[in-house]
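What follows draws every value from the coordinates through simple rules; no lab data is involved. Every value quoted in this text rests on a predicted model; they were computed, and no experiment measured them. Neighbour counts are summed over all protein chains in view; Cβ atoms, including those assigned to glycine, are modelled from backbone coordinates with ideal geometry.
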Amino acid sequence: MKHIPLVNLKAQYKLLKPEINKTIKRVLETTDFINGTDNQLFDLEFAKYCEAKYSIGVGSGSVALDFSLEALGLQKGDEVICPSHTFSATAEPIVRLGGKPVFADINEQTYNIDPEDIAKKISRRTVGIIAVHLYGHPADMSPILKLASEHNLWVVEDAAQSHGAEYQGKRIGSIGDIACFSFFPAKNLGCYGDGGAIVTNISHLNNKVSLLKDHGRIGKYEHKEIGYGGRLDNLQAAILRIKLRYLDQWNAQRRIIAEKYTTELTSKFVTPTAQKNCLPVYYVYTLRHPQRDNVIRHLYKNNIASGIYYPKPLHLQEAYKFLGYKKGDLPKTEQICDQIFSIPMHPELTDKQIEKTITSLLKF
Ligand SMILES: *Cc1c(COP(=O)(O)O)cnc(C)c1O
């Protein structure tokens, strides 16, 4: 029995090999490695793709979040509301800049931050909200933006898992003040190493993060402020420019696979539900079952990969212990963490692999 992987970057490379190899060779031969032509072009093309004014390529999704919060002026003691059910990179920059993450619970249908719980957690010290579009499904941005405008807060979108997703007919990336993308290889749009982008419509934020990612430079040895080395390199930008042309078709394929899974599996598992006016891009396809660990063991025996995004919420991690959270503080988040699991999801999945995954799950 052949193994069915969660992602299949080799199959994707095989498909793009002639184009990719040609491009890599071109960049190597021109030695255009830093602040290159492909960097400039990718910034323009990705901004256009996100229906936003600016995109700034940076070294990873993690530094994208870091630079964004710094550009927004996060100060020591400021509180930022974010989900606990996410990757640690969402909350790390809040702490690094001296702020305090305040974790809100989720909506258990979308697994995204719950606006009603955000409302309960706003205090005099709150300065902003980070909404994560988890698993490729947009967070419920309308009520979040409403709260933000009522309380004078900024909104960051952690869009690391949702390149190309739409909310109320609008592409993710320019709904909040600033959006952060990751091009980690396995993401819907991934490069061949680390990479990320910051997308915004706000010109002073564009200026600020452009300085931050390149040592505060306004000339070769002219430094306007203290910055950081956090650029996207030109080789990755060149690769991303090729892959960007396939993103819509890949996302459409992910949706087709998701629909097959949902139709067949919904009788036995809690399946993901796309909310009204949302176009998800299924970075991962996540199911829920009370005997999750047994389901995973069963899949493993059948040579089918699975993953848990994420098994332990941030508020119960050792790294965030100093915040003083305890078990029971975020009941919905804690409940789903013991039940969720994700099954193979990538555009290169064959019908046979999809069938086999479904059959195995139904036999559980
Ligand atoms: C992948 C990811 C990040 C971090 O991106 P990197 O490019 O790996 O640094 C941040 N937030 C979320 C939700 C992610 O999935």
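In table form, for the structure just shown:
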item	result
For residue 339, distant residues with modelled amide H under 5 Å away	none
Packing-based exposure ordering (other Cβ within 10 Å, fewest first) of 106, 20	20, 106
Taking 362, 240 and counting other C-beta atoms within 10 Å, the order from fewest to most	362, 240
Anisotropy class of the stretch 1-53 from Cα gyration tensor, a/c 1.5 cut	oblate
3J(HN,Hα) from dihedral phi, the stretch 137-153, Karplus parametrisation 6.51/-1.76/1.60, rounded to Hz, x for glycine, proline	9, x, 5, 7, 6, 4, x, 5, 5, 5, 4, 4, 6, 5, 10, 6, 10
Phi-based couplings in Hz for the stretch 240-246 (Karplus 6.51, -1.76, 1.60; Gly and Pro marked x)	5, 4, 5, 5, 4, 5, 9
Under-5 Å amide H pairs with residue 188, H placed in peptide plane, nonlocal only	163
Cα gyration tensor shape for the stretch 17-109, rounded if a/c is under 1.5, else prolate or oblate	prolate
Spatial extent of the chain: Rg and Dmax, with the Cα atoms as the point set, Å	20.5, 65
Trypsin sites (Lys or Arg not before Pro) within the stretch 194-298: DSSP coil, no more than 15 neighbouring Cβ in 10 Å	220, 224, 245, 268, 276
Relative contact order of the stretch 1-148, pairs being alpha-carbon contacts under 8 Å that are 6 or more residues apart, as %	17
Shape of the stretch 235-351, Cα gyration tensor, a/c cut at 1.5	oblate
Integer Hz, Karplus 6.51/-1.76/1.60 couplings in order for the stretch 160-175, x for Gly and Pro	4, 10, 9, 4, x, 5, 10, 10, 6, x, 10, 5, 4, x, 9, 7
184, 322 arranged by Cβ crowding within 10 Å, fewest neighbours leading	322, 184
Two-site FRET efficiency, residue 120 against residue 297, from Cβ-Cβ distance with R₀ of 51 Å, rounded to 0.05	0.85
Amide H contacts of residue 178 (H built 1.01 Å from N, under 5 Å, at least 5 apart or other chain)	155, 157
Span from the the stretch 217-285 Cα centroid across to the the stretch 1-74 one, whole angstrom	11
